Amino acid sequence: MSEIEREAMEYDVVIVGAGPAGLSAAIRLKQLDADLDVVVLEKGSEVGAHILSGAVLDPCGLDALIPDWKEKGAPLNTPVTEDHFYLLGEAGEIRVPNFPMPPLMNNHGNYIVSMGNVCRWMAEQAEELGVEIFPGMACSELVYGDNGEVKGVVAGVFGLEEDGTYGPNTEPGMELHGKYVFLSEGVRGSLSKEVIEKFDLQADKEPQKYGVGMKEIWEIDPAKHKEGSVTHTMGWPLNSNAGGGSFVYHLENNQVYVGFVVHLNYKNPHMFPYMEFQRFKHHPMIAELLEGGKRVAYGARAITEGGYQSMPKLVAPGVALLGCSAGMVNVPRIKGNHNAMLSGKAAAEAAFDAIKAERSGDELNSYEDDVRGGAIGKDLKKVRNVKPMWSKWGLMPSLVLGGFDMWFQTIFGGFSLFGTLGHGKNDAEATEEASKHKPIDYPKPDGKLSFDRLTNVSFSMTNHEESQPCHLKLADPAVPTAVNLAKFDEPAQRYCPAGVYEIVQEEGSDPRFVVNFQNCVHCKTCDIKDPSQNITWTTPQGGDGPNYPNM
């Protein structure tokens, strides 16, 4: 949009996304030099509005960034007191004892937290140091310099016409320029995706892998509540249809996080991840816990699962990828927030050194070296084979071999007898034609333990201004019906956890593909799983999307 005239603001570092990675970077920059000009741009209506995470937090990242976080009142109030792991069958469960688990799987010393609240607290710490934070400012474009380097972003565009053009009431936003730009957008961010493609950062890496995580907050009977209890499960209801599992975390005030993750490399296009989650809650162990309780919130988001071998190159001229923008989740631990914080700290230190040396717009190679050779790389390298083992060999072999591999690497300093296994296809390519699979019969939600999608979406408080352009872009509007419906029974009807996509069949008319973008919770699953790769998620105008309460 070079023909649009915009005001420009100059900073030392521009940070996109007020999650744990971006806020850690901002805090560390101001710790190193109080005179640096640092800005954080957040598309949510407030810091934390779009944060959805389990979450059991390993405090190592916070320890490194703010060693006195306890004295400063960080909202880490619920230490893990007990840790359980179960294999589920339809009518029962088998507890897996803790003693054969590799040490890295131990949750003691960790905390059950609301990452939204942690990020709100981190934003307060950043602002006290002089960081400028602008919520409700979606970053819709990158700004490139004369030599092709990333030099900034366009933020704050409002009031586009429905067709995406500029009208009389359009606010064109502004350009924010920096010596360096940090992208901490979370999973599959639109600007990060552009940078990875433009600079070919995924070259010689394995394809990134993903899961979709869905989560509800429940208020339960105080007699059943065990503050600090952590439970993870595998097995039923997914069984051999897909990889994944659940988590149940007891936090404060008789509340429980109930979550379910489905790996997106499943083959059967009839798979319905949301309904698998709803069915899971009818397992006797879970149903007994939730019975008489009340669901108070719902949300969903994609999760990076590719691990060490799928992390792209982290830097290009003028720009660095932080946290989940680069895929720093430790899959067996179901943890990435600690690595996000450590990545923000490492990127800040690299940028500080560069700016001090009067550099700008180049590659922060010391950041890349720090991530791959430091604590983040060591954390991810030990578990690098767990996900590909699961994908190739299924649940039980991967439990045994993955556990052995993690123990072996713990004892022998990161050496693996398996080397580094590859992932093969990306998640879209993994989808097979519907004719090769049987439809899956899902029970109807009962409205007590299980709920229909649209009812649950209302508990995400998501909202989009309806007159703006649809932020879910179809490369070819004919593909959903002409290709995906014919070959795959259009899986968008099922993989979306918010009911955004519908096939409408009216008597006497051809089927129509309907996009209810107002429902979108910004999980990005469609951008990942669409078998034709025909859907691109772009950022809507600032302040739109979910408003998660204490998620």
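Figures for the structure shown
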item	result
Paramagnetic reach from Ile503 in region 246-283 [backbone N under 18 Å; point 7 Å along Cα→Cβ]	267-275
Nearest-20 debye value, the chain charge dipole, Cβ charges on Lys, Arg, Asp, Glu	2280
Cα-projected label distance for Ala34 with Asn463, points at 7 Å along beta-carbon direction, nm	3.9
Two-site label geometry, Gln518 and Glu291: point separation in nm, points 7 Å out along Cα→Cβ	3.9
Those aspartates and glutamates that a straight Cα-Cα span of less than 16 Å connects to Lys198, excepting residues fewer than 8 apart in one chain	Glu141, Asp146, Glu149, Asp362, Glu363
Cα centre as origin, Lys/Arg/Asp/Glu Cβ charges: region 171-276 dipole, Debye	340
Violating pairs (Cα-Cα greater than 21 angstrom) within the set Lys438/Lys473; Lys30/Lys345; Lys215/Lys392; Lys438/Lys487	Lys438/Lys473; Lys215/Lys392
Ordering of 489-499, 371-381 by burial proxy (mean other Cβ atoms within 10 Å per residue, highest first)	489-499, 371-381
Accessible area per residue, Å², region 228-330 with all protein chains present, probe 1.4 Å	22
Cα shape, region 1-86, gyration tensor, a/c 1.5 rule	oblate
Centre separation in Å (Cα based) which lies between region 22-63 and region 99-127	14
Relative contact order computed over region 150-305 (Cα-Cα under 8 Å; 6+ residues apart), in percent	25
Chain lengthening between His108 and Asn253 when straightened (0.36 nm per residue, less Cα-Cα)	50.1 nm
Whole-Hz couplings from phi, Karplus 6.51/-1.76/1.60, listed for region 179-188; x for Gly and Pro	4, 9, 10, 9, 9, 10, 7, x, 5, 6
Three-way shape label, region 442-551, alpha-carbon gyration tensor, a/c 1.5	oblate
Computed lengthening from Glu429 to Lys70, 0.36 nm per intervening residue step minus Cα-Cα distance	124.6 nm
Shape call, region 275-427: gyration tensor on alpha carbons, a/c limit 1.5	oblate
Interchain or long-range residues, amide H under 5 Å from Tyr144's placed H	Lys151
Relative contact order of the chain, defined on C-alpha pairs under 8 angstrom at six or more residues apart (%)	20
In order through region 513-524: 3J(HN,Hα) via Karplus (6.51 cos²θ - 1.76 cosθ + 1.60), integer Hz, x for Gly, Pro	9, 10, 10, 8, 5, 4, 7, 4, 9, 6, 7, 6
Projected area averaged over orientations for region 12-56, convex hull of C-alpha atoms, nm²	3.6
Over region 407-551, relative contact order from alpha-carbon pairs under 8 Å, at least 6 apart, %	30
Helical segments meeting 15 Å axial Cα length and Kyte-Doolittle -0.5 threshold in the chain (DSSP H)	20-32, 115-129, 337-356, 395-411
Loop sites in region 392-485: trypsin sites (Lys or Arg not before Pro), DSSP, at most 16 other Cβ within 10 Å	Lys425, Lys448
Accessible carbon and sulfur surface of the chain relative to its total accessible area, %, 1.4 Å	50
In region 130-202, chymotrypsin sites (Phe, Trp or Tyr not before Pro) in a DSSP loop with at most 15 other beta-carbon atoms within 10 Å	Tyr166
Over 28 Å (Cα to Cα) - which of Lys43/Lys378; Lys226/Lys381; Lys281/Lys425; Lys209/Lys382 fall in this group	Lys43/Lys378; Lys226/Lys381; Lys281/Lys425
Ordering of 11-21, 220-230 by packing [mean C-beta count within 10 Å, highest first]	11-21, 220-230
Å² of accessible area per residue within region 1-127, as computed with a 1.4 Å probe and no ligands counted	41
Taking only Cα atoms of region 32-191, radius of gyration then Dmax in Å	21.3, 66
In region 446-551, the GluC sites (Glu not before Pro) that fall in loop regions by DSSP, at most 16 other Cβ within 10 Å	Glu465, Glu466, Glu506, Glu507
Distance between modelled label sites at Ala8 and Lys356, nm, 7 Å Cα→Cβ extension	2.8
Listed peptides 409-421, 71-83 by packing density, highest first (mean Cβ within 10 Å)	71-83, 409-421
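The values are calculated or read from the model by the stated rules, or taken from the named source; none is laboratory data. Being a predicted model, the structure only gives us computed values, none of them experimental. Ideal geometry is used to build each Cβ from the backbone, glycine not excepted, and the neighbour counts take in all protein chains shown. Surface areas here come from the heavy atoms of the whole protein model, side chains and all, with no ligands, DNA or RNA. Shrake-Rupley method; radii C 1.70, N 1.55, O 1.52, S 1.80 Å.
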